[in-house]
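Values quoted throughout were computed directly from the atomic coordinates according to the rules given, and no laboratory measurement underlies them. A quick note: this is a predicted structure, and the numbers were derived from the prediction, not measured.
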């Protein structure tokens, strides 16, 4: 499982220096991304370096889990009530239908909710700082964090496990 940590840098050159330090410390290229204001992102950050701005994927996956679980529970309840005459396979269909509806609903909601980095560091981003986000195994981060900090990047109080990266 990977852990996410976030550094703040004052400008794009400092963010690139932090990225180079992370790469030199063993962080994979695909595990480094930037978060910045829209005008900064459009001006100088390549698309593959930007993170998603919304909670779309995590919300969709939570919807699948909640909807599928609810559908399975209701399906099994329907199977347990003999007058309804629902076969056991009906519980499976209810779980799949619940997962589909949950995924759709979660994705719709998540597409309008800012992701956790944008929510937590809104003021930092608005002030023009560029955030360098690293997603890596804990052992790699232990080597990379001091190297990135030596470039002048400030480690922000955020460490979270990431299942989607």
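The stretch between residue 37 and residue 100 holds 19.3 nm of extra length on full extension. This uses 0.36 nm per residue minus the Cα-Cα distance. For segment 56-110, dividing the convex hull volume of the Cα atoms by the residue count gives 48 Å³ per residue.
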